[in-house]
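Asker: Dropping the structure in here first, questions after.
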């Protein structure tokens, strides 16, 4: 076969597969008609670590990736380093009776490989010498014609090794990122708990809606005051859906400068604007296959609302400065603490976008309407903070403190409660936790000295009012327990403690 035909056919096999072990197996099967090669090793020299690593071990029937690595003898390493400095590429050579050579003998013993002859083809890259391809012949000896034929392929073999090493690095990086993503998701679930606190009491209706909508891909709109835990509910929707193994990407729409909204959400191409030095994927593209959570959706600028509407309608985006249409497969969860209906009426939010987002609304009640959840929430935050502060024991909460916390208005909701618990544990890490610094909420009307009732009296009056409005009924629809957001048994316990009769 003519050299150019041989070169072309061999190059296609060598460089035609990023799985370098498969490429080398196909290559050695091809060259067996020209050289008596029974086995092929591809070795990479790492000067920085002074090691030799075998990355491929191939025969004509099978190619395998290898992770065998060992330190180079000092003399060999010094010779390689000196050669690299000189800029002179190493010469290809044939080694007869290789078991008598120190380095070759070690290689053959390592792989339990008999050999009559070895042929070594050094490989290089623009950065210098990177390793060798070693051909092994068990029964016959290589000759100068065999060496000449293999030296024709020195360039393609060098390209194959370089590409193979870079491909392996990318695979390792992808696996590391996937592992990091799994770890972060596990940490997030550990932080918020395997269950949403209050799922069977104050948030029972909310979690029932989560359970119903999670199995579908319909958009979800979460509403509620600041700090009620909309992000936790969004994560619960994702975690219980069939997209739970995909990414969960959270975006605070109110925290993105208006000039950067498009780039942040949809990505940009290199050179799309000053400072766009490389292509960048946007949040929507990163959420492909999973869920995107658009928090504070009411803060989104009008122009971005138009483009978001297109994404919801067509599940397609284009990067800033690009023309390629990218199809997406994701679920959209939006959240807001603003009254979107009023914003629509006043022209501050697009009506068509509102209806697209409001397919399945879930309202999260404020903390003051979830007093039944206080014991669970407080202990959840106390236990979590005790772990974070590495306390030897979890401090107890003073019995009187729970009534104090329940009576407070909590304008900052669950987030404020979490901060209050953290502050109390920093001030009093060994307990009991009394929360003595809790003060009435802003906006409470001042009263004259001596006009403030005792806390138990205040609670008793409130319960009596609820019982009066409920015609004395404790449980059931319209009962006092439902009005107060309490479990009926909890309300009866408070009534007995305070001496309240039905």
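Readers should treat all values here as calculations from the given coordinates under stated rules, not as data from a laboratory. Everything numeric in this text was worked out from a predicted model, so none of it was measured. Every residue, glycine as well, gets a Cβ built from its backbone with ideal geometry; the counts of neighbours run over all protein chains shown.
Asker: For region 3-168, what are Rg and Dmax over the alpha carbons, in angstrom?
Answerer: Expressed in Å, the Cα Rg and Dmax of region 3-168 come to 14.8, 42.
Asker: Once you have the Cα-Cα distance between residue 216 and residue 363, take 0.36 nm times their residue separation minus that, and quote the gain in nm to one decimal.
Answerer: Details: separation 147, 0.36 × 147 = 52.92 nm, distance 1.85 nm.
Extra length from residue 216 to residue 363 when fully extended: 51.1 nm.
Asker: At a 10 angstrom cut-off on C-beta neighbours, averaged per residue, how do the peptides 124-131, 315-322 rank from highest to lowest? Mind showing how you got there, number by number?
Answerer: Details: 124-131: 15.5, 315-322: 17.8.
Per-residue Cβ counts within 10 Å, averaged per peptide and sorted highest first, yield 315-322, 124-131.
Asker: Mind checking the angle between helix 488-498 and the chain's longest principal axis? C-alpha axes, 0 to 90 degrees, to the nearest 10.
Answerer: Result, in degrees: 50.
Asker: Please give the contour-minus-distance gain from residue 394 to residue 260: 0.36 nm per residue of separation, less the Cα-Cα distance, rounded to one decimal in nm.
Answerer: Values: separation 134, 0.36 × 134 = 48.24 nm, distance 4.49 nm.
Using 0.36 nm per residue and subtracting the Cα-Cα distance, I get 43.7 nm.
Asker: Now a separate question. If R₀ is 30 angstrom, what is the calculated FRET efficiency for the pair residue 110 and residue 4, using the beta carbon separation as r and rounding to 0.05? Working shown, then result.
Answerer: Working: r = 37 Å, r/R0 = 1.25.
Once rounded, the FRET efficiency stands at 0.20.
Asker: Take peptides 66-75, 291-300, 225-234 and line them up by average Cβ neighbours within 10 Å, highest first, as a rough protection proxy. Before the final figure, lay out each step's value.
Answerer: Numbers: 66-75: 12.5, 291-300: 22.4, 225-234: 20.9.
In decreasing order of mean packing, 66-75, 291-300, 225-234 become 291-300, 225-234, 66-75.
Asker: Ranked from highest to lowest mean number of other Cβ atoms within 10 Å per residue, what is the order of the peptides 464-470, 166-172, 371-377, 356-362?
Answerer: Details: 464-470: 16.0, 166-172: 11.7, 371-377: 19.7, 356-362: 18.1.
Top of the packing list down: 371-377, 356-362, 464-470, 166-172.
Asker: Please compute, over every Cα-Cα pair in the chain, the percentage with a separation greater than 45 angstrom. Can you show the working numbers first?
Answerer: Numbers: 56254 of 125751 pairs.
The answer is 45 percent, as a whole percent.
Asker: Within region 1-23, whose backbone N sits under 18 Å from a point 7 Å along Cα→Cβ of residue 34?
Answerer: Those under the cut-off are 1-17, 23.
Asker: Under the Kirkwood approximation applied to all pairs of distinct alpha-carbon atoms, what is the hydrodynamic radius of region 455-498 in Å? Can you show the working numbers first?
Answerer: Numbers: mean 1/r = 0.0995 Å⁻¹.
Final number for the Kirkwood radius of region 455-498 is 10.0 Å.
Asker: Now for a different question. Run the numbers for residue 341 and residue 487: contour at 0.36 nm per residue of separation, minus the present Cα-Cα distance, in nm. Numbers along the way, then the final one.
Answerer: On the way: separation 146, 0.36 × 146 = 52.56 nm, distance 3.29 nm.
Stretched fully, the residue 341-residue 487 segment lengthens by 49.3 nm.
Asker: Nearest 0.05, what FRET efficiency do residue 154 and residue 270 give at R0 = 41 Å with Cβ-Cβ as r? Before the final figure, lay out each step's value.
Answerer: Working: r = 34 Å, r/R0 = 0.83.
Given R0 = 41 Å and the Cβ-Cβ separation, E is 0.75.
Asker: Rounded to whole Å, give me the distance from the Cα center of region 469-486 to that of region 323-400.
Answerer: Spelled out, the Cα-based centre of one part sits 27 Å from the other.
Asker: Roughly what would the spin-label model give for residue 49 and residue 415, points 7 Å off Cα along C-beta, in nm?
Answerer: Inter-label distance under the simple model: 4.6 nm.
Asker: What distance in nm separates the simple spin-label points at residue 327 and residue 65, each placed 7 Å from Cα in the Cβ direction?
Answerer: Label at residue 327, label at residue 65, 3.0 nm between them.
Asker: Can you give the FRET efficiency to the nearest 0.05 for residue 471 and residue 434, using r as the Cβ-Cβ distance and R₀ = 22 Å? Can you show the working numbers first?
Answerer: Numbers: r = 38 Å, r/R0 = 1.72.
That gives a FRET efficiency of 0.05.
Asker: By how many degrees, 0 to 90 and rounded to 10, does the Cα axis of helix 74-86 deviate from the longest principal axis of the chain?
Answerer: It works out to around 90 degrees.
Asker: Still on this structure, please answer the following. Before anything else, pin down the relative contact order of the chain: Cα pairs under 8 Å, at least 6 apart, normalised by residue count, whole percent. Before the final figure, lay out each step's value.
Answerer: Details: 755 pairs, mean separation 52.8, N = 502.
Taking the mean separation of contacting Cα pairs over the length of the chain, I get 11 percent.
Asker: Per residue of the chain, what 222 nm ellipticity follows from adding -39500 (n - 2.57) for every DSSP H run with n ≥ 4, rounded to the nearest 500? List each step's numbers first, then the result.
Answerer: Numbers: 19 runs with 222 residues, N = 502.
When only DSSP H runs of four or more count, the value is -13500 deg cm²/dmol.
Asker: Further question on the same structure: Over region 193-365, what is the relative contact order in percent, taking alpha-carbon pairs closer than 8 angstrom and at least six residues apart?
Answerer: Numbers: 301 pairs, mean separation 56.4, N = 173.
Reported relative contact order: 33 percent.
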